[in-house]
1. Report the gain in length on full extension from LYS21 to ARG93: 0.36 nm times residue separation, minus Cα-Cα distance, nm rounded to one decimal.
2. For region 30-165, what is the charge dipole size about the Cα centre, in debye to the nearest 20, if Lys and Arg each add +1 at the Cβ and Asp and Glu each add -1 at the Cβ?
3. Using a 1.4 angstrom probe on heavy atoms only, work out the carbon and sulfur share of the accessible area of the chain in %.
4. How large, in Å, is the chain by the Kirkwood hydrodynamic radius built from its alpha-carbon pairs?
5. Keeping all protein chains in position, work out how much accessible area TRP30 exposes to a 1.4 Å probe, and write it in Å² to the nearest 10.
6. Given the DSSP H assignment, sum -39500 (n - 2.57) over each helix run of at least 4 residues in the chain and divide by its residue total; what's the result at 222 nm in deg cm²/dmol, nearest 500?
7. Please build a GNM for the chain, connecting alpha carbons under 10 Å apart, and tell me which residue among ALA45, ALA86, ALA103 fluctuates the most.
8. Would you mind counting up the charge near VAL134? Only other residues with Cβ under 12 Å from its Cβ, with Lys and Arg at +1 and Asp and Glu at -1.
Amino acid sequence: MSVRLRPVAAEDLDEFVALAKASARLHHPWVNVPTTPEAFGEYVARFDGVEAVGFLVCSGDDIAGFVTISRIERAPYEKGVLGYGAFVPHEGRGLMAEGVALAVRYGFERLGLHRLEADIQPGNEASLRLARRVGLRKEGFSPELIRIDGIWRDHERWAIINPRV
């Protein structure tokens, strides 16, 4: 497969929002994805290259999904938190695994991070499979960790360590 990452930008607003709306059933209740211009503007504004980076996972000219590294913390931690999601009709084709693997490499090689973490709801089988596929290990369980749609949801904590740092 030919997958590449590119930074998400303000110019992606219309396409991203349309894809997010079309993929709402795929994302619910696992993740909040911006489905309005205002929410998308706030989303893009987070990616300052220091505390957070955001990418689109592209296959040819198609946007297959998104991947972020947020809550980047420097010394002594040198870690970040992965977030990701596919857009229909690209789910289940392996594109996101390739995109997340590229983001992990970016986090380790370009950002110099020691550790990347992902918080995944126990019932989100697709996300759990993807985490395993790119080398993350389950490290624990956190009850009521993240509020999604007004509900505090349990999450498993997964992580991968940079073998070179």
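1. 23.9 nm
2. 560
3. Exposed carbon and sulfur together represent 51 percent of the surface.
4. Hydrodynamic radius (Kirkwood, Cα pairs) of the chain is 16.0 Å.
5. Counting only protein heavy atoms, the figure is 80 Å².
6. Using -39500 (n - 2.57) per qualifying helix, the result is -7000 deg cm²/dmol.
7. ALA45
8. Overall, the nearby charge balance is +4.
The values are calculated or read from the model by the stated rules, or taken from the named source; none is laboratory data. Being a predicted model, the structure only gives us computed values, none of them experimental. Positions of Cβ are backbone-derived with ideal geometry, glycine not excepted, and every protein chain shown enters the neighbour counts. Only protein heavy atoms, including side chains, enter the accessible area calculation; ligands, DNA and RNA are left aside. Shrake-Rupley method; radii C 1.70, N 1.55, O 1.52, S 1.80 Å.
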